[in-house]
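Student: Before I ask anything, let me first share the structure, which is written out below as structure tokens.
The values are calculated or read from the model by the stated rules, or taken from the named source; none is laboratory data. Predicted model, so just to flag it, every value in this text is computed and none were measured. Reconstructed Cβ throughout: ideal geometry from the backbone, glycine too, with neighbour counts over all protein chains shown. Remember, those area values only see protein heavy atoms, side chains included, never the ligands or the DNA or RNA. Shrake-Rupley method; radii C 1.70, N 1.55, O 1.52, S 1.80 Å.
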Amino acid sequence: MSTLTLNRFNAITLSNPHKWMLLSYGCIFALTLLSIGYGAAGWDWRLAIAWLAPEHFSQFDALQINVVTQIRLPRFVLAVMVGLVLAQTGAATQALCRNPLADPSIIGISAGAAMVAVAFIALSAQFNFSAQHYLPYASFLGALSVTSLVYLVSKQQKQININTLILVGVAINALAFAVIGLLSFYADDSALRLINYWTMGSLGGASWDNIKQASPLLLLSLIGLWRLKEPMNLLLIGESQAQYLGVDTSKLKLYVIILVALGVGAVVALTGLIGFVGLVVPHIARLMVGPHLRNMLPLCMLLGVIVLLLSDWLARLVVMPAELPIGIITALLGAPLFIYLIIKNKRDWS
């Protein structure tokens, strides 16, 4: 019975997922030219490759090359890594809960990470210490604590109660933003600017030092969840079926929780709150290639990169030479699409 269920599950996929992968790579290439070659200092697609061999591009001065290597290129690398992590952790959370509505931001994980990071910022202003070095680890602890709390409260007879999961997530989001508001009320001007940065999300603080500092957590989350895609795939067909097929579901859930908290905590430490990526992108990938994680997860990660690069480009374009917080762009793009998916699913269920 379990083998038959698994075979049917494996068969639920579109005929040619490779075409979507190739199309995604093409979109990423085009967005790479826009991201690196375009900015407030001007637009030239050759800037996207001029930094590789500046001696062959004499038409660009040292200032332009420096803008690319120290501002645009770190921002591009950060957008790629954040897109990969947010999309992957969203898909992993949905697989863990076996529900497409689960997401690190919806169930409070991102808000918990941001709350602890904002607390460190406020405390650093009060007690005169540098919080920048500790922010990735503080965000990870906040994300891990909230993930564990949500999982334990929503667990009922070894199963995840999705109604409890969402309700607990709503409560944690409300509590986290209340604490952030309270800290903002008592914060000084410099800390208040940083707190606003965390709550709206931005790639403007990208630098090679920040990326180097947080990259171990990001890479550990990416590699760890990627290696767990097959066990998570079996978990999608049911916990008892996965156990019958040899999966230690208790250890699997623990590993997924820790790795999701690692990735989300590091992302929040670098960019603040960026919503809807982990919720909507897995939906789109699932519609393209079906639910099998062997096909869905890599496409989902590529789509996450596309969404982040596109959102960052729009954030810089709309109010040039200033920029909008990227969290506003992802919410404006993701919320209507998510409502459309809900309406579509409602019609299918009918």
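Student: Roughly what angle does helix 277-289 make with the longest principal axis of the chain, taking Cα atoms, 0 to 90 degrees, to the nearest 10?
Tutor: The angle comes out near 60 degrees.
Student: Can you give me the C-alpha center-to-center distance between segment 163-206 and segment 289-349, rounded to a whole angstrom?
Tutor: After rounding, the separation between the Cα centres reads 22 Å.
Student: Follow-up. What FRET efficiency, computed as 1/(1 + (r/R0)^6) with R0 = 45 Å and r the Cβ-Cβ distance, is obtained for GLN70 and THR164, rounded to the nearest 0.05?
Tutor: After rounding, the FRET efficiency stands at 0.45.
Student: Moving on to the next point. Per-residue accessible area for VAL307 at 1.4 Å probe radius, Å² rounded to 10?
Tutor: Only protein atoms counted, so the area is about 40 Å².
Student: Please compute the net charge surrounding TYR255, taking Lys and Arg as +1 and Asp and Glu as -1 over other residues with Cβ under 10 Å from its Cβ.
Tutor: The answer is +2.
Student: By accessible area of protein heavy atoms, probe 1.4 Å, what ranking do SER148, SER240 get, highest first?
Tutor: From most exposed to least exposed: SER240, SER148.
Student: So, one more: Read phi for every residue in segment 22-31 and hand back ³J(HN,Hα) as whole Hz from Karplus 6.51 cos²θ - 1.76 cosθ + 1.60, θ = phi - 60°, with x for Gly and Pro.
Tutor: So the Karplus estimates, Gly and Pro as x, are 4, 5, 5, 4, x, 5, 5, 4, 5, 5 Hz.
Student: Moving to a separate point now. Against the longest principal axis of the chain, how steep is helix 208-227, in degrees 0 to 90 to the nearest 10, with axes from Cα atoms?
Tutor: It works out to around 20 degrees.
Student: OK, next. Which pairs, out of LYS155/LYS229; LYS229/LYS251; LYS229/LYS253; LYS155/LYS253, put more than 20 Å between their alpha-carbon atoms?
Tutor: LYS155/LYS229
Student: As I understand it, the value is the acute angle between the Cα axis of helix 326-349 and the longest principal axis of the Cα atoms of the chain; what does it come to in degrees, rounded to 10?
Tutor: That helix lies at roughly 20 degrees to the long axis.
Student: Considering the options VAL305, LEU337, VAL179, tell which one lies farthest towards the positive end of the dipole of the chain, charges being +1 on Lys and Arg and -1 on Asp and Glu at the Cβ, about the Cα centre.
Tutor: Farthest along the dipole direction, towards plus: LEU337.
Student: Given the rule -39500 (n - 2.57) for each run of at least 4 DSSP H residues, summed and divided by the residues of the chain, what is its mean residue ellipticity at 222 nm, to the nearest 500 deg cm²/dmol?
Tutor: Calculated mean residue ellipticity at 222 nm is -25000 deg cm²/dmol.
Student: For the chain, what D do you get in µm² per second when you plug the Kirkwood radius from alpha-carbon pairs into Stokes-Einstein at 25 °C and 0.890 mPa s?
Tutor: This corresponds to a translational diffusion coefficient of 117 µm²/s.
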